[in-house]
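Q: Got a structure for you, written out below as structure tokens; questions coming shortly.
The values are calculated or read from the model by the stated rules, or taken from the named source; none is laboratory data. Predicted model only: the values in this text are computed from it and were never measured. Note that each Cβ is placed from the backbone with ideal geometry, even for glycine, and that neighbours are counted across all protein chains shown.
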Amino acid sequence: HTYRGEIVPALLDVSLTLGESTVTALVGPNGSGKTTLMQILGGLLASTSGSISIDAAQTSADDLFTDSIMASSSRDLDDVPATILIQYARLPVRSRKTLGKLSAGQAAVVTGAIALASGAPITLLDEIQAPLDVPTRYAFYEEILTLAGECMEGKRPQRRFLVSSHMVSELEKVAEDVIALKKGVLLAHESID
């Protein structure tokens, strides 16, 4: 993908496969293409070349938008009333505040909970855990692992989780695979080991 007006691609020749019922870590320095990749996989940004397939069938940005959910700590949903988001996710919480009136950590909890509750086949978590305190981050990771385990056991439909973070040492406890990007290029896609 190359952004309009740019010469250097944000992503170049990135080819990868996300396994069923897996948690994959996405790591790399700022500007490495992590968010661009997640936006493409979430159908929020059309790639300028290449293709994406889900279960061997080529898919469009519209299909990706329908079959995925992307949650980030960017505060994109700040003006949406929390009650609407909570009803969407069927969470038993009462609040008339907009997310913009919640702390960064509280907003991340709501946004992350919606992503996990959505059941989306492709769940993209872009630095969603960054504003969370340590105990809440670990509880969030535990929920991801529980959902992935239930998918693997056939208790829930198949899902793929892609988690982006600069907290690499924490991701090694959650992910099975790791994708490393640098300057828009895939450096590695391997087992977390």
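Q: Mind listing whichever residues of region 124-172 are within 27 Å of G31 (Cβ to Cβ), surrounded by fewer than 16 Cβ atoms within 10 Å (Cβ to Cβ) and of a type in the set (G, A, S)?
A: S169
Q: Step by step: first the residues of region 159-170, then only those that are of a type outside the set (G, A, S) and at pLDDT 90 or above, then the one that is farthest from the chain's Cα centre (by Cα). Which residue is that? Spell out the reasoning first.
A: Our first condition is that a residue be of a type outside the set (G, A, S); within region 159-170, this holds for 159-163, 166-168, 170.
Narrowing further to those that are at pLDDT 90 or above: 159-163.
Numbers: R159: 12, R160: 9, F161: 7, L162: 5, V163: 5 Å.
Only one residue tops the list, namely R159.
Q: Here's something else I'd like to know. In region 29-48, how many residues are loosely packed, with under 13 Cβ neighbours inside 10 Å and aliphatic (A, V, I, L, M)? Reasoning before the result, please.
A: Filtering region 29-48 for residues loosely packed, with under 13 Cβ neighbours inside 10 Å gives 29-30, 46.
Adding the requirement that they be aliphatic (A, V, I, L, M) leaves 46.
Residues in region 29-48 being loosely packed, with under 13 Cβ neighbours inside 10 Å and aliphatic (A, V, I, L, M): 1 in total.
Q: Somewhere in region 49-71, is a residue surrounded by 15 or more Cβ atoms within 10 Å (Cβ to Cβ), modelled with pLDDT under 85 and more than 28 Å from H189 (Cα to Cα)?
A: No, that holds for no residue.
Q: So, S191, is that one surrounded by fewer than 19 Cβ atoms within 10 Å (Cβ to Cβ), more than 22 Å from L44 (Cα to Cα) and of a type in the set (S, T, N, Q) or not?
A: On the way: surrounded by fewer than 19 Cβ atoms within 10 Å (Cβ to Cβ): yes; more than 22 Å from L44 (Cα to Cα): yes; of a type in the set (S, T, N, Q): yes.
Yes: the conditions hold for S191.
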